[in-house]
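Asker: I'd like to ask you about the structure that follows.
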Amino acid sequence: MSFENDLEKLKTLLGTISDLHAAAALLDWDMRTCMAPGSIESRAFQLATLEEVAHAKSVSSELGHLIDRLDARSASLDPDSDDARLIGKVRREFERERRTPSSWVRRNAEACSRANTAWECAREEQSFRRFAPHLQELLELKFEYLSFFEPYAHPCDPLLDRFDEGATCADLDRVFSRLKKEQTAILRSALKKTKPDLSFFDGRYPASKQIALTEQVLSRMGYDWKHGRQDRSVHPFTTSIGLYDVRVTTKVFPGKPFSALFSSVHEGGHALYEQGIDKKYARTPLGDGASFSMHESQSRLWENLVARSPEFWEFWYPRVRKLYASALEGVSMERFLAALNLAEPSPIRVEADELTYNLHIILRYELEKALLERRLKVADLADAWNCGMKELLGIEVRSDTEGVLQDVHWAMGEFGYFPSYAMGNVISAQLWEAALKENPEIPQEIAAGNYAPLREWLRTRIHVYGAKYSTSELLKIATGKACADPAPYLRMLKRKYA
């Protein structure tokens, strides 16, 4: 059979696998937005079946034989061509997934579905004990998963690799050690400043107006409503149900009137990435982000470097003052910006300012390491969390809901995800510096409500390539430097806060 025929067979099989994952993503989106709580038992089986069937096809002998034949005859391909890159990526994923039995995939999917619902109930009851048995089950499943990848330098490594190919605990430890030291020093300096008046946040900000504002901003950013939608969920997230259906969610927090806006902008950054991937990669492994760190760099760039900037609010504040006329009467833009950019330790990660955010991530990373090294028991996790918050940020955690139960990631079995946020922060500053170097007018365009120059710069340097290139390769394309460098991020924090 010819190379072209085998390649077409490969793409057909990959399309089937992609469709199964998309169907699972749609069921998951429904589960986390509008599904009745009592439906979880049915949904757990449905998701497990889809994931099991998709995994079976991902490790099938048919796929293995196709890869072998294509590998043997791909020497004449340009190594940078789409076909060569696709074959290489499928080979890597096949070799990884074939280590994992389909029976484990099913058990893990069922456990994650039940854990997600238990986590929501535990949050309502403010009781970690309600969720702990589910977390213990997921952790045991992770230990079993790790046994498929022995030997490894650290138990975190196989989990990190799923989110950021090639990422290791040793590499993260070096970066996080620097961030922890330098950001703590900047934070100490920032906390000496006079705290701005936040009383206007106590005014009336109807949820309907908050959501309307998020929709206006998403539209300006370039979010394509013909191929997406926004809903509300317990924890904001973005779901790609194929490159033609990318959905976001947000959450309205009582007493935090601009939380929904920043959540929507954050998720909108993810969505712009997915919507910007070249559609020729649809239904293949290249139709995805390069890594979770690169994905988080997009969301954090839009959330912090754009939406917290004076230029952003030069356009939006006059409109926001009209929207919330009574609450913002007499509040100057300077006072408003000072309040939005206040550096102040908070117990909630998604509410954290740029300066303290990475410390939240470092805490979660250190707790994950302790769990996976079996130095910490699930039963002791809440106390360890509270002690860590006190040590890193000086915060007394008042309840499990604002403590160990605040994030959904562990309920989804996503051990190894959290470091992507901090690395995304680092990469976002690198990309921002590179974008401004090429297009110094970007801030002025943002002040005019025009995000096209920044969006198109990101689209042509990052988005359009999907997962064709690795994170380091994309950094090289966009910045000329092929590794994540904390220096631009730390420079930005020092300029802004110290």
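The values are calculated or read from the model by the stated rules, or taken from the named source; none is laboratory data. Just so you know, these numbers come straight off a predicted model, no measurement behind them. Quick reminder, even Gly has a Cβ in these numbers, built from the backbone with ideal geometry, and neighbours come from all protein chains shown. For accessibility, only protein heavy atoms count, side chains too; no ligands or nucleic acids. Shrake-Rupley method; radii C 1.70, N 1.55, O 1.52, S 1.80 Å.
Asker: Of the conditions (1) under 24 Å from residue 420 (Cβ atoms); (2) modelled with pLDDT of 95 or more, residue 167 clears all except one; give me its number.
Answerer: The number of the failed condition is (2).
Asker: Among the residues of segment 470-479, are any over 29 Å from residue 219 (Cβ atoms), under 24 Å from the mean Cα position of the chain (by Cα) and in a loop (DSSP other than H, G, I, E, B)?
Answerer: yes
Asker: Which members of segment 196-220 meet the condition of being free of Cβ contacts under 8 Å to residues at least 40 places away in the same chain and under 16 Å from residue 337 (Cα atoms)?
Answerer: If the condition is that a residue be free of Cβ contacts under 8 Å to residues at least 40 places away in the same chain and under 16 Å from residue 337 (Cα atoms), then 199 is the only one that fits.
Asker: Considering (1) touching a residue at least 40 places away in the same chain (Cβ under 8 Å); (2) surrounded by fewer than 16 Cβ atoms within 10 Å (Cβ to Cβ); (3) under 27 Å from the mean Cα position of the chain (by Cα), say which one residue 28 fails and leave the rest.
Answerer: Unmet for residue 28, out of (1) touching a residue at least 40 places away in the same chain (Cβ under 8 Å); (2) surrounded by fewer than 16 Cβ atoms within 10 Å (Cβ to Cβ); (3) under 27 Å from the mean Cα position of the chain (by Cα): (2).
Asker: What number of residues within segment 347-375 satisfy the criterion of being surrounded by 20 or more Cβ atoms within 10 Å (Cβ to Cβ), modelled with pLDDT of 95 or more and among the acidic types (Asp, Glu)?
Answerer: Residues meeting the conditions: 1.
Asker: So, one more: If I ask for residues that are open to solvent by less than 50 Å² (accessible area, probe 1.4 Å) and either farther than 30 Å from residue 339 by Cβ or among the β-branched types (Val, Ile, Thr) (or both), which ones from segment 480-498 would you list? Full working, then the answer.
Answerer: Just the residues of segment 480-498 that are open to solvent by less than 50 Å² (accessible area, probe 1.4 Å), to begin with: 480, 484-490, 492-493, 497.
Scanning segment 480-498 gives 480, 484, 485.
Asker: Let me ask you something else. Within segment 385-397, does at least one residue satisfy the condition of being within 22 Å of residue 130 (Cα to Cα), part of a loop (DSSP other than H, G, I, E, B) and out of contact with any Cys (no Cβ under 7 Å at 6 or more places or on another chain)?
Answerer: As a first pass, look at segment 385-397 and keep what is within 22 Å of residue 130 (Cα to Cα): 385-389, 396-397.
Filter once more, so that each one left must be part of a loop (DSSP other than H, G, I, E, B): 396-397.
If we keep only those that are out of contact with any Cys (no Cβ under 7 Å at 6 or more places or on another chain) too, we end up with 396-397.
Looking for residues that are within 22 Å of residue 130 (Cα to Cα), part of a loop (DSSP other than H, G, I, E, B) and out of contact with any Cys (no Cβ under 7 Å at 6 or more places or on another chain), one finds at least one in segment 385-397, hence yes.
Asker: I need the full set of residues from segment 287-304 which are of a type in the set (S, T, N, Q), farther than 21 Å from residue 249 by Cβ and more than 9 Å from the chain's Cα centre (by Cα), in order please. Break it down into steps so the answer makes sense when it comes.
Answerer: Taking segment 287-304 and keeping what is of a type in the set (S, T, N, Q), we get 291, 293, 297-299, 304.
From what is left, the residues that are farther than 21 Å from residue 249 by Cβ are 291, 293.
Listed by number, the list holds a single entry, 291.
Asker: Quick one: count up the residues across segment 43-84 that are among the hydroxyl-bearing types (Ser, Thr, Tyr) and over 23 Å from residue 101 (Cα atoms). Walk me through how you get there before you give the answer.
Answerer: First pass over segment 43-84, keeping only residues among the hydroxyl-bearing types (Ser, Thr, Tyr): 49, 58, 60-61, 74, 76, 81.
Adding the requirement that they be over 23 Å from residue 101 (Cα atoms) leaves 74, 76, 81.
Residues meeting the conditions: 3.
Asker: Taking segment 291-346 as the search range and keeping residues that are of a type in the set (Lys, Arg) and more than 26 Å from residue 488 (Cβ to Cβ), which one is most open to solvent (accessible area, probe 1.4 Å)?
Answerer: 322
Asker: What are the residues in segment 299-316 that are under 24 Å from residue 236 (Cα atoms) and not in a loop (DSSP other than H, G, I, E, B), if any? Even if it seems obvious, please write down each step before you answer.
Answerer: Applying the first criterion (under 24 Å from residue 236 (Cα atoms)) to segment 299-316 yields 299-309, 312-313, 316.
Listed by number, the residues that qualify are 299, 300, 301, 302, 303, 304, 305, 306, 312, 313, 316.
Asker: Name the helices (runs of 4 or more DSSP H) wholly inside segment 100-166 in which the number of residues that are of a type in the set (Gly, Ala, Ser) and touching a Leu at 6+ places or on another chain (Cβ under 7 Å) is 1 or more. Talk me through it step by step, then tell me what you get.
Answerer: Details: elements: 102-125, 128-147, 156-163.
Answer list for segment 100-166: 102-125.
Asker: For segment 215-253, which positions are of a type in the set (Lys, Arg) and assigned to a loop (DSSP other than H, G, I, E, B)?
Answerer: Taking segment 215-253 first, the residues of a type in the set (Lys, Arg) are 220, 226, 229, 232, 247, 251.
229, 251 - these are the residues of segment 215-253 that are of a type in the set (Lys, Arg) and assigned to a loop (DSSP other than H, G, I, E, B).
Asker: Could you please give the count of residues in segment 272-286 that are under 16 Å from residue 228 (Cβ atoms), open to solvent by 20 Å² or more (accessible area, probe 1.4 Å) and part of a loop (DSSP other than H, G, I, E, B)?
Answerer: Total satisfying the criteria: 1.
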